[in-house]
Amino acid sequence: MNEVVGKPIDRVDGRLKVTGKATYSAEYFPKNMVYGVLVLSTIAKGRIKNIDSRQAERAPGFVGIMSYKNSMSLHFPQSSDPGSGKFAEKDLLPMQNDRIFYDGQAVAVVMAETFEQAEHAASLVKIGYEIEKPAIKLEENLSTKYKPVSGLGGAKIQVSRGVADAALQTSEVKFEQTYTTPVYHHNAMEPHATVAEWNGDKLMVYDATQSVAGSKNLLSSMLGVPPDKVNVTALYIGGGFGSKGFSWPNTVLTAMAAKQVNRPVKLALARQQMFTTAGRRSQTIQKISFGATSAGKLNAIKHDTTSESSFVDEFVEQAGVATSIIYSCPNVEVSHSLVRLNRGTPCPTRAPGEAPGTYALEVAMDELAFELKMDPVQLRLVNYADTDEDKKKQFSSKSLIECYRRGAEAIGWSQRNPQPRSMREGNYLVGYGMATATYPANRSASSAKAILYADGHAEIMCATQDIGTGTYTVMTQAAADAFGLPVEKIQVKLGNSEYPKGANSGGSQVTASVGPAIRAAALGVLEKLKKMAILDNTSPLHGHKEEDIVASDGRIHLKDNADRGETYTQLLNRQGLQKVEALAKTNVSTRQQTESNPAAAGSADAAAEEESKTNPAVQEDEHVDRKPYTFHSFGAQFVKVLVDPVLNTVKVDKAVAVMDIGKVMNIKLAKNQIMGGMIFGIGMALMEETAYDPNNGRVVTRDLAQYLVPVNADMPQLEVQFIDVPDPYISPIGARGIGEIGITGITVAINNAIYHATGKRVRDLPVTLDKLI
């Protein structure tokens, strides 16, 4: 049987989505449900003096109102890890007091029989405030900056090797510039939405989340409900990009409101509400300093980032996270500082850290190349890092030089005149730019259940989720190959917290984490079949050794004699079994090289841990020595732009991405993912920017009419290539994550191409036409 992993098979959920049969969180309608609508604060800092809901209570269909005055008490979350449940604003549990920390903060929920009635009643609520002076602008509050100890999940954010300052002073060539990025918003197609229903002491929640397992744990913790009494379901998700990786007030407020009115409640955020109550990317100011030889060899790098967070949680945009590993340099200093502002809390956004950080670093590399009169590709080759010099480890796999070569060839780099503003096509100025792409190859512990039925089809269950990226399809392919079955015989079930715990959809880790667990569970089922056949006197495999038996085409048979064997159906029917199942947990992390915490007694995850002790696939995977290796993906982005010299309009004409991401699981979906990241990068480079009113801290660009994103008319010719060499150490399937690397490098390549076309260097994103005058 031919392997299906790597093949461009269609999305297994594609027909459901295009016919409207894929049910998203806002599309559940429990009996007797009411609608909730948030009331948001209209000041950025202060206290609530009074809430006047009298008119709202007289409105048609009004059911109830919940605020800090009558809401249930919450418990502080027990976890700060997204995979175990991360509430986005740990110091602002929703509706527990009268404090206001940013404009657009949730202050009340109004419930009514219909959505329109709830929206109308919410508009009638009058709130009085005691107003205090807010901190609004990053540039005006730099005197308050401080250095945080660590980033999300305890990540190391202050890095130093060698003596960067001394090396800079003695360097033959010195370079220093400052780069800025604005606030960005995720703007997933599907806004956040939650439906909550209590049945006695049991809570059922349908939520748009990137972690059904984490959301379950968080709701259990905050509401004081035992975990086995909470179920979170998210069968389909319309994009997340990090905003659904944390839990925001809407999720827990919906459960609180349902408890208060003793009816199911649906609360769906409007697009405008997403700009204040569902996360964003931090604004950054980044200073890059280089010391180099006249031949371009770096001997000092400093990357100093100042970003901002809210007053109710500490989120660090780790912009310098890639700087310590991307190029070879003996003296490196990476630092991060934070300023607290009266804005909604930031969170991971479309390659957090790497996207804004590689922008600053890689534009600086381009500037250094022009200063040295070197080819930008050659400068990167001169400083190529064969090892992770920060951790003093080998890369598990790295083919970045090949990425540079292929990308340069595909874009026509050899035809590029290095002199800025020297190339034209008709009336347009032509520019070429390039940059390095990189993102960590994350993997974490995951569990799965596999069931093989007597009719020959198999099911997979895992409490991870498909946020629109194709996880259902890729996991179907992985299971099909493990079982030796066609994809039509595989059904993958995700998005239910009752299943064995899988990875959260963040850090580009689901394929690398869940894929090995699904493979191990499927192979666990086959191990049981082999044992049955060996012990069965009537089986053609009776008495043979396990290691001599393999599976393919829905059969188990001898390795050296495919005719000697039987189908799964024949064996199970003879045994009188309707099904055979296996659980597996692969307890592997590429981040800390430590084991995960033991699962709760009696849980599906605990059963998976126990059964995995005798699963050969799990044991082989877990006993790989990964400590000598750093796991990272790399790539190269090349861009050609056309610039109108009169109007200063920029058109990305062609973009090429060549990626080294280990084994490609589905070539069609993989290209789709990288293209999506490249489109994000076009938006980041040329148009996306969140603006705040400097007087009151209110988001001004709070819908898609004012917050601009790329559309079809902005699309260039997109070309995506892969090295497609399995990573031998990350897992038995050899795949690394692909969800976020596509946005790294592309923004820079566009910026660098604009400079090559115009001779005008823009260091403050986005590159709008007024900045090219």
Review point. If you go through the stretch 613-666 one residue at a time, how many are among the β-branched types (Val, Ile, Thr), touching a helix residue (DSSP H, G or I) at 6+ places or on another chain (Cβ under 6 Å), under 23 Å from Leu400 (Cβ atoms) and not in a strand (DSSP E or B)?
Key: 1
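Let's see how each residue does on (1) surrounded by fewer than 24 Cβ atoms within 10 Å (Cβ to Cβ); (2) in contact with a helix residue (DSSP H, G or I) (Cβ under 7 Å, 6 or more places away or on another chain); (3) basic (Lys, Arg):
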{"site": "Met374", "(1), (2), (3)": "yes, no, no"}
{"site": "Asn383", "(1), (2), (3)": "yes, no, no"}
{"site": "Asp386", "(1), (2), (3)": "yes, no, no"}
{"site": "Asn417", "(1), (2), (3)": "yes, no, no"}
{"site": "Leu429", "(1), (2), (3)": "yes, yes, no"}
{"site": "Ala435", "(1), (2), (3)": "no, yes, no"}
Exercise for review: Determine which member of the set Glu425, Glu362, Glu389 is under 25 Å from Gly745 (Cβ atoms), touching a Cys at 6+ places or on another chain (Cβ under 9 Å), modelled with pLDDT of 95 or more and not aromatic (Phe, Trp, Tyr).
Suggested key: Glu389
Check your understanding: How many residues does the stretch 143-176 hold that are open to solvent by less than 60 Å² (accessible area, probe 1.4 Å) and assigned to a strand (DSSP E or B)?
Key -> 4
Check your understanding: Is there any pair with a first residue in the stretch 206-229 that is under 17 Å from Glu89 (Cβ atoms) and open to solvent by less than 10 Å² (accessible area, probe 1.4 Å) and a second that is in a strand (DSSP E or B) and charged (D, E, K, R) whose Cβ atoms are under 7 Å apart and which are 6 or more apart or on different chains, and what are they?
Key -> Ser215/Asp207
Review point. Among the helices (runs of 4 or more DSSP H) confined wholly to the stretch 308-382, which include 3 or more residues that are out of contact with any strand residue (DSSP E or B) (no Cβ under 7 Å at 6 or more places or on another chain) and under 23 Å from Ala292 (Cβ atoms)?
Key: 354-372, 376-382
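For every residue, the table says whether it meets (1) crowded, with 21+ Cβ neighbours inside 10 Å; (2) over 18 Å from the mean Cα position of the chain (by Cα); (3) among the hydroxyl-bearing types (Ser, Thr, Tyr); (4) under 30 Å from Met475 (Cβ atoms).
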position	(1), (2), (3), (4)
Met678	yes, no, no, yes
Glu688	yes, yes, no, no
Asp693	no, yes, no, no
Leu718	no, yes, no, yes
Gln721	no, yes, no, yes
Ile733	yes, yes, no, yes
Asn751	yes, yes, no, no
Arg761	no, yes, no, no
Exercise for review: Take Leu571 and decide whether it is of a type outside the set (D, E, K, R), surrounded by 15 or more Cβ atoms within 10 Å (Cβ to Cβ), touching a Phe, Trp or Tyr at 6+ places or on another chain (Cβ under 9 Å) and in contact (Cβ under 8 Å) with a residue 12 or more places away in the chain.
Suggested key: no
Exercise for review: Among the residues of the stretch 633-642, write down those that are surrounded by 24 or more Cβ atoms within 10 Å (Cβ to Cβ) and of a type outside the set (Ser, Thr, Tyr).
Suggested key: Phe634, Gly635, Ala636, Gln637, Phe638, Val639, Lys640, Val641
Exercise for review: Identify, by number, the condition in (1) without any contact (Cβ under 8 Å) to a residue 60 or more places away in the chain; (2) within 22 Å of Phe87 (Cβ to Cβ); (3) loosely packed, with under 14 Cβ neighbours inside 10 Å; (4) of a type outside the set (Val, Ile, Thr) that Glu140 doesn't meet.
Suggested key: (2)
Check your understanding: Residue check, Ile100 against (1) under 32 Å from the mean Cα position of the chain (by Cα); (2) open to solvent by 10 Å² or more (accessible area, probe 1.4 Å), all met but one. Which one?
Key -> (2)
Point to revise | Verdict on Phe246 being touching a Cys at 6+ places or on another chain (Cβ under 7 Å), surrounded by 24 or more Cβ atoms within 10 Å (Cβ to Cβ) and either of a type in the set (A, V, I, L, M, F, W, C) or under 19 Å from Glu27 (Cβ atoms) (or both) | key: yes
Check your understanding: If you check every pair at least six apart or on different chains, which have Cβ atoms under 7 Å apart with a residue in the stretch 110-133 that is surrounded by 15 or more Cβ atoms within 10 Å (Cβ to Cβ) first and a residue that is of a type in the set (Ser, Thr, Tyr) second?
Key -> Met111/Tyr35; Ala112/Tyr35; Phe115/Tyr35; Ala118/Tyr35; Val125/Ser53
Exercise for review: Would you check if Ala657 is among the aliphatic types (A, V, I, L, M), open to solvent by less than 50 Å² (accessible area, probe 1.4 Å) and either touching a Phe, Trp or Tyr at 6+ places or on another chain (Cβ under 7 Å) or under 30 Å from Ser497 (Cα atoms) (or both)?
Suggested key: no
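The values are calculated or read from the model by the stated rules, or taken from the named source; none is laboratory data. Every value quoted in this text rests on a predicted model; they were computed, and no experiment measured them. Every residue, glycine among them, receives a Cβ derived from its backbone with ideal geometry; neighbour counts consider all protein chains shown. All accessible areas refer to the heavy atoms of the entire protein, side chains included, with ligands and DNA or RNA removed. Shrake-Rupley method; radii C 1.70, N 1.55, O 1.52, S 1.80 Å.
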